[in-house]
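Novice: Pasting a structure here, questions to come.
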Amino acid sequence: QVQLVESGGGLVQPGGSLRLSCAASGSIFSINLMGWYRQAPGKERELVALISSGGIEEHADSVKGRFTISRDNAQNTVYLQMSSLKPEDTAVYYCHAYLRLKSSSGYSGYWGQGTQVTVSS
């Protein structure tokens, strides 16, 4: 059993900052990719940022220069530092991890429950 628990969402004014966290727990052997996705009302879920176990990052063009993904491998935790937030960043943000369980020989993807980020004055 694996759990991904997100925290750090909330209401922020345009131009403000938030930091999201996602901690993975359970019978985990190793985690490969970790990432953040978001889904705005009426839109499809989209990739925000990914980070490999070796620290290689990828950010969507819409957030480059404003958002930064990072991770703590020892804590199985991924972060998303969001700055210069815009109303169009309003969405439910989901954590995703591509990981291997101790009881498994392969990797599978797991999702968190989501955390709401609202950017509004």
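The values are calculated or read from the model by the stated rules, or taken from the named source; none is laboratory data. Here the structure is a predicted model, which is why all the values come from computation and not from measurement. We place every Cβ from the backbone using ideal geometry, glycine too, and count neighbours over all the protein chains shown. We work out accessible area using only protein heavy atoms, side chains counted, and drop any ligands, DNA or RNA first. Shrake-Rupley method; radii C 1.70, N 1.55, O 1.52, S 1.80 Å.
Novice: Using a 1.4 Å probe on the protein heavy atoms, what percent of the accessible area of the chain belongs to carbon and sulfur?
Specialist: Roughly 46 percent of what the probe reaches on the chain is carbon or sulfur.
Novice: Next question, about the same structure. At a Förster radius of 22 Å, what calculated FRET efficiency corresponds to the Cβ-Cβ distance of LYS64 and GLN39, to the nearest 0.05?
Specialist: 0.65
Novice: Students often forget the sequence filter, so: which aspartates and glutamates lie under 18 Å Cα-Cα from LYS86 once same-chain residues fewer than 8 apart are removed?
Specialist: Cross-link targets: GLU46, ASP61.
Novice: Leaving out ligands and nucleic acids, note down the accessible area per residue over the stretch 66-121 with a 1.4 angstrom probe, in whole Å².
Specialist: Per residue, the stretch 66-121 has 49 Å² of solvent-accessible surface.
Novice: While we're here: Given a 1.4 Å probe and heavy atoms of the protein chains only, how would you sort THR68, THR77, largest accessible area at the top?
Specialist: Values: THR68 70, THR77 15 Å².
I get THR68, THR77, largest accessible area first.
Novice: Expressed as a rounded percentage, what relative contact order does the stretch 13-121 have, with Cα pairs under 8 Å and six or more residues apart? Intermediate values should be presented prior to the final figure.
Specialist: Numbers: 238 pairs, mean separation 37.4, N = 109.
RCO, the stretch 13-121: 34 percent.
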